[in-house]
Amino acid sequence: MAEDKFPGWHGTTILAVRRGGKVVVAGDGQVSLGQTVIKGSARKVRRLSPGGHDVVAGFAGSTADAFTLLERLEKKLEAIPGQLARASVELAKDWRMDKYLRNLEAMLIVTDGHDMFVITGAGDVLEPEHDIAAIGSGGNFALAAARGLMETEMDAEQIARKAMAIAADICVYTNGNLTVETISK
């Protein structure tokens with residue numbers, strides 16, 4: 001992404017934590033344009049139910065681009081129900097190869113409660129280590145906090161909420177207005 005092309009493209013924090021048979025995906029609600037907060041209550045974590053199989057997805061980046069990608073992912077999952085890994089790889093291939101899609105500026109975390117992936121426009125479908133994934137400008141702060149909290153007795157939601165609070169205290173593009181979705185498999 002060229003900063004001169006998208007000078008205001010900053011911010012959000014999406015975190016996924018797997019523990020105790022559950023995956024919790026949390027996203028902050030702040031939408032920023034440059035140094036201005038445009039909205040504080042956006043929903044960047046969504047539950048999809050293509051073909052009757054629940055998937056939770058969180059996105060960072062351009063909202064319109066992310067919605068386009070989520071619609072494509074839903075179509076892939078309708079065609080191959082219950083196969084999140086395969087659908088994610090197919091989406092990443094399309095995203096990288098399609099002339100229209102390759103210009104989309106977003107990242108996704110997707111999970112069906114069993115598998116968890118980070119999908120990027122570079123064609124990556126990454127399965128995170130340590131049962132934690134994070135994206136966005138505050139992603140590294142939330143990731144570090146969650147990794148430290150995994151050594152406690154906290155459950156997945158408690159870890160996600162605490163790690164997101166820490167990220168919101170550090171990253172100016174992240175707020176504490178959370179959307180949290182839980183999924184188990």
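Read-outs throughout are calculated quantities, based only on the coordinates presented, and are distinct from any laboratory measurement. Being a predicted model, the structure only gives us computed values, none of them experimental. Note that we place each Cβ from the backbone using ideal geometry, even for glycine, and neighbour counts take in every protein chain shown.
Values for this structure:
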{"read-out": "Taking Ser137, Ser41 and counting other C-beta atoms within 10 Å, the order from fewest to most", "value": "Ser41, Ser137"}
{"read-out": "Residue among Ala168, Gly123, Asn140 farthest towards the positive dipole end of the stretch 113-169, charges placed on Cβ", "value": "Ala168"}
{"read-out": "Euclidean distance between Cα centres, the stretch 85-143 to the stretch 22-67, Å", "value": "13 Å"}
{"read-out": "Semi-axes of the equivalent ellipsoid for the stretch 61-121, Cα gyration tensor, largest first, Å", "value": "18, 12, 10"}
{"read-out": "MRE, 222 nm, helices only [DSSP H, n ≥ 4, -39500 (n - 2.57), over the chain, to nearest 500]", "value": "-10000 deg cm²/dmol"}
{"read-out": "Coarse-grained scattering of the stretch 85-167 at q = 0.24 Å⁻¹, given as base-10 log I(q)/I(0) from a Debye sum over alpha-carbon atoms", "value": "-1.10"}
{"read-out": "For the stretch 14-177, radius of gyration divided by Kirkwood radius, i.e. Rg to Rh on alpha-carbons", "value": "0.96"}
{"read-out": "Unsatisfied cross-links (Cα-Cα over 32 Å) in the set Lys44/Lys185; Lys76/Lys162; Lys22/Lys93", "value": "Lys76/Lys162"}
